[in-house]
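Beneath this line is the structure, given in structure tokens, with notes to follow.
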Amino acid sequence: MKTVRFAMWASLSLLLTLLLAACTAAPVAPGSSAAQPAASSNEIVVWSRYDLDDPNDSNGAVLKEFITNLEATEGVKVKHEQVAWDQLSTKLALAVQSGGDVPDLVETGSQHVPALLDAGALSPLSEWLKDEAWAEDLTDGDKKACVLEGERYCVANNVRGGMTYYKAELFPDGFPTGPAEAQAACERLKADGLYLNTFFAGRSYGAIEINWWPLIKSNGGSIFDAEGKPAWASEQVAEVAKWAQGMFQNGCFPQVALTGDFADSQIVWTDGQSAAFGGGSWSPNFVEGLLDQVNSGQVAMQGGLPFNGTPHVFMVSEGWVVPTGAKNPQGAVAFLRSFMQPEFLAKWAEAQFGIPTTKAAYAMGKFEGSPFYENVDAILSEQGAYMEPSPYYVESLDILATTWQELMLNPDRDPLPALQQAADEVLGRYWQ
Amino acid sequence: MRQKTIFPYLLILPALLIICLVSLYPALYSIFLSLNTFRRGERVFVGMRNFEQILASTNFWDSLRLTAVYGVLFVLLTMIFAFILAVMLNRRLNYTGLFMTMIFVPWILSEVVTGVIFRWLFLPGYGLLQDLLSPLFGDIAFLGHPQGAMGVVIGATIWRTLAFAMLLILAGLQTIPGEVYEAGAIDGANGWQSFWSITWPLVRPTTLVIVLLLTLQAINATGLFLSITNGGPGRATEVLSVSMYREAIVFFNFGYGAALAVLMLLINIVLAAIYIRTMRSEVVA
């Protein structure tokens with residue numbers, strides 16, 4: 001009797017579960033007609049990293065003002081959703097792949113565009129934007145990032161990049177110009193109880209992009225090959241890792257750079273314990289007073305450390321993409337049309353501490369004559385480079401960042417075998 | 001008569017629907033997902049390949065080992081401290097209410113808040129406990145040291161969970177009649193003999209329940225790991241649950257992540273089965 005009753009309840013539960021499962025919408029393959037209905041609503045769905053309701057989010061405030069004006073002037077309704085910056089691209093790819101609701105516009109960085117394109121997540125824009133006057137004024141900062149194989153897949157609105165900020169009085173001869181000079185400067189600064197540099201070096205792809213890849217590239221190495229497969233198991237990359245291990249072991253960089261997050265590594269700079277700080281042109285957003293210190297000459301700016309060749313900095317064009325399956329692509333174009341007008345674009349680029357991607361916006365803003373922006377422009381023009389693309393960009397760099405962090409915390413560990421192991425892991429997981 | 005029989009079942013039907021919706025359906029769907037992978041916008045049935053990849057991966061076995069180490073240390077230390085506190089509070093000392101409040105404050109904090117507190121307490125160069133304790137451990141930076149980072153997470157988990165375990169043990173202790181201790185005292189039992197021969201046997205069933213609950217909590221712990229170490233340094237605190245989170249939520253590799261979840265489910269089932277068997281033999285005894 002007990003067994004019969006248990007079987008009855010188990011069967012009923014299973015039946016209910018199957019009924020619930022049947023109620024789930026069936027996934028639609030991207031590219032099918034069902035995934036791209038004609039625009040039928042006045043609503044534009046936008047994903048970005050900003051919190052429009054946070055008074056401390058200055059970029060969010062600018063975007064909120066733009067959206068309010070757009071709704072009033074164009075008679076549209078904008079539905080904004082905040083998504084964590086490091087999840088924007090992967091969440092977009094998943095939304096498209098699962099055939100669920102996709103937004104009409106997503107903010108993304110240029111480093112994610114090739115992977116999103118490979119995932120079938122991006123709509124081509126050349127045809128939709130061919131009659132837009134503002135598109136004629138776009139600079140190379142947009143075209144290099146967004147036009148791939150002759151087709152446009154994104155619209156970049158500003159260009160930013162990695163920068164090193166250093167206290168001018170502590171480097172009377174300028175910031176070190178090579179690894180040996182960096183070691184010598186470290187010894188000098190250590191005597192005064194200062195770190196040479198502080199930066200984020202945790203187990204996140206951002207650490208590789210901003211801090212390590214420029215050194216690797218300067219040393220003739222690369223992260224990805226032409227197909228996007230790991231190419232970091234090389235002598236050139238191992239040499240950079242060995243040098244970095246020595247610098248951490250020697251106390252030139254703080255431990256918190258490895259164990260903290262972005263904000264934790266900045267504290268070492270704001271507390272006056274580090275002579276330099278590795279961030280980006282976006283850093284004035286997060287480090288109070290940094291812009292004033294640069295403009296007054298108290299803090300100087302430097303690009304990458306020339307490891308054994310030309311210095312490089314990680315460069316990124318931030319912009320908008322229209323996903324495959326967007327319900328209101330015409331609304332997305334209308335959004336872009338207003339966004340890219342010089343008056344607003346200049347304001348947006350200033351809030352981002354980046355260089356706008358149209359000449360008209362550059363002329364309209366506070367970019368000329370400002371020491372900060374002149375430095376940013378010069379550094380990006382001379383040293384800025386886009387990261388090598390990969391269809392498994394985030395996953396691969398996360399695995400590399402984890403391995404790199406382990407190497408830094410275990411300075412006696414030989415880098416090359418560890419790098420090879422990380423490469424094998426990526427190849428085994430994603431390329432077989 | 002038939003309506004009288006059906007009516008109770010109708011009353012519990014809404015609860016059953018909710019259980020199916022939030023527990024059974026996700027579990028069955030996870031099992032389904034674990035047999036698939038998503039590549040270039042398409043779901044591809046791969047059978048047991050995700051499981052083969054996981055079992056062939058050294059990272060999985062490292063995560064399993066870390067989960068076991070974390071689980072054993074967390075459960076053992078929590079039980080020891082909880083027992084000591086429960087025995088002390090059972091003596092109805094002065095200010096028992098105040099002590100109970102102090103012990104319960106960590107329990108009401110969320111995991112993320114607790115994690116951020118502990119991360120700041122052990123931040124290299126800034127953390128209060130980092131500065132106080134590192135001379136005792138060779139001046140290490142706890143969050144940058146593999147065993148140190150795990151120790152910080154274990155400490156945070158114990159700090160947060162102690163109240164729960166202590167309360168259950170205290171409830172068990174308070175069910176023991178005072179006459180049993182009086183009888184023991186008459187027979188000449190000292191403190192340790194009273195504990196070993198009276199307290200421990202009578203509170204053991206309660207202890208087994210707590211051990212099972214804490215073990216299941218340890219296997220599925222994610223929040224404190226993510227907020228204190230995020231699985232680092234390197235992979236030193238990447239336990240199974242963190243690995244599963246990373247695969248499914250960070251990389252959106254749902255098939256692989258679901259396969260990890262299924263393996264964790266199997267581990268939970270085995271442990272629960274061991275507990276049930278142990279409980280049954282306790283009842284028989």
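Summary table
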{"item": "Helices (runs of 4 or more DSSP H) wholly inside segment B:174-285 that include at least 2 residues being surrounded by fewer than 17 Cβ atoms within 10 Å (Cβ to Cβ), touching a residue at least 60 places away in the same chain (Cβ under 8 Å) and not aromatic (Phe, Trp, Tyr)", "result": "B:200-220, B:254-284"}
{"item": "Residue within segment A:84-104 that is surrounded by 14 or more Cβ atoms within 10 Å (Cβ to Cβ), modelled with pLDDT of 90 or more and out of contact with any helix residue (DSSP H, G or I) (no Cβ under 9 Å at 6 or more places or on another chain) present", "result": "no"}
{"item": "Every residue from segment A:301-333 that is assigned to a strand (DSSP E or B) and of a type in the set (Phe, Trp, Tyr)", "result": "A:Phe314, A:Trp320"}
{"item": "Which numbered condition A:Phe253 fails, given (1) among the hydrophobic types (A, V, I, L, M, F, W, C); (2) crowded, with 24+ Cβ neighbours inside 10 Å; (3) in a helix (DSSP H, G or I); (4) within 14 Å of another protein chain (Cβ to nearest Cβ)", "result": "(3)"}
{"item": "Some residue of segment A:388-410 being over 17 Å from A:Tyr205 (Cα atoms), within 10 Å of chain B (Cβ to nearest Cβ) and at pLDDT below 95", "result": "yes"}
{"item": "Residues of segment A:108-123 classified as in a loop (DSSP other than H, G, I, E, B) and either more than 11 Å from chain B (Cβ to nearest Cβ) or modelled with pLDDT of 90 or more (or both), total", "result": "2"}
{"item": "Subset of segment A:411-432 [within 12 Å of chain B (Cβ to nearest Cβ) and assigned to a helix (DSSP H, G or I)]", "result": "A:Ala418, A:Gln421, A:Ala422, A:Asp424, A:Glu425, A:Val426, A:Gly428, A:Arg429, A:Tyr430"}
{"item": "From the options A:Gly319, A:Gly365, A:Gly325, residue that is at pLDDT 90 or above and touching a strand residue (DSSP E or B) at 6+ places or on another chain (Cβ under 8 Å)", "result": "A:Gly319"}
{"item": "Close pairs (6 angstrom Cβ cut-off, 6 or more residues apart or separate chains): closer than 30 Å to A:Trp212 by Cα in segment A:315-327, assigned to a loop (DSSP other than H, G, I, E, B) anywhere", "result": "A:Gly319/A:Cys154; A:Val321/A:Cys154"}
{"item": "Set A:Ser265, A:Ser274: member being within 12 Å of another protein chain (Cβ to nearest Cβ), under 30 Å from B:Arg235 (Cβ atoms) and modelled with pLDDT under 95", "result": "A:Ser265"}
{"item": "Whichever residue in segment A:169-224 is within 14 Å of chain B (Cβ to nearest Cβ) and outside any loop (DSSP other than H, G, I, E, B) and, among such residues, is surrounded by the fewest Cβ atoms within 10 Å (Cβ to Cβ)", "result": "A:Gly206"}
{"item": "Positions within segment B:118-150 being at the interface with chain A (Cβ under 9 Å from one of its Cβ atoms) and either in contact with a strand residue (DSSP E or B) (Cβ under 7 Å, 6 or more places away or on another chain) or among the hydroxyl-bearing types (Ser, Thr, Tyr) (or both), in sequence order", "result": "B:Tyr126"}
{"item": "Number of the exception - B:Asp62 against (1) without any contact (Cβ under 8 Å) to a residue 60 or more places away in the chain; (2) assigned to a helix (DSSP H, G or I)", "result": "(1)"}
{"item": "Residue, nearest to B:Pro124 (Cα to Cα), within segment A:201-220, restricted to residues that are over 14 Å from the mean Cα position of the chain (by Cα) and among the hydrophobic types (A, V, I, L, M, F, W, C)", "result": "A:Ala201"}
{"item": "Failed item, numbered, when B:Leu123 is tested on (1) closer than 30 Å to A:Ala263 by Cα; (2) in a helix (DSSP H, G or I); (3) over 19 Å from the mean Cα position of the chain (by Cα)", "result": "(2)"}
{"item": "Checking A:Val237 against (1) assigned to a helix (DSSP H, G or I); (2) surrounded by fewer than 21 Cβ atoms within 10 Å (Cβ to Cβ), the condition it does not meet", "result": "(2)"}
{"item": "Count - residues of segment B:33-59 that are part of a helix (DSSP H, G or I) and either without any contact (Cβ under 8 Å) to a residue 60 or more places away in the chain or closer than 19 Å to A:Trp431 by Cα (or both)", "result": "10"}
{"item": "Single unsatisfied condition, A:Arg152 versus (1) over 12 Å from A:Val322 (Cα atoms); (2) touching a helix residue (DSSP H, G or I) at 6+ places or on another chain (Cβ under 8 Å)", "result": "(1)"}
{"item": "Residues being in contact (Cβ under 8 Å) with a residue 40 or more places away in the chain and under 14 Å from A:Leu117 (Cβ atoms) - total across segment A:139-156", "result": "4"}
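The values are calculated or read from the model by the stated rules, or taken from the named source; none is laboratory data. Quick caveat, the model's predicted, so the values are computed rather than measured. When we count neighbours, we look across all protein chains shown, and the Cβ atoms used for this are built from the backbone with ideal geometry, even at glycine.
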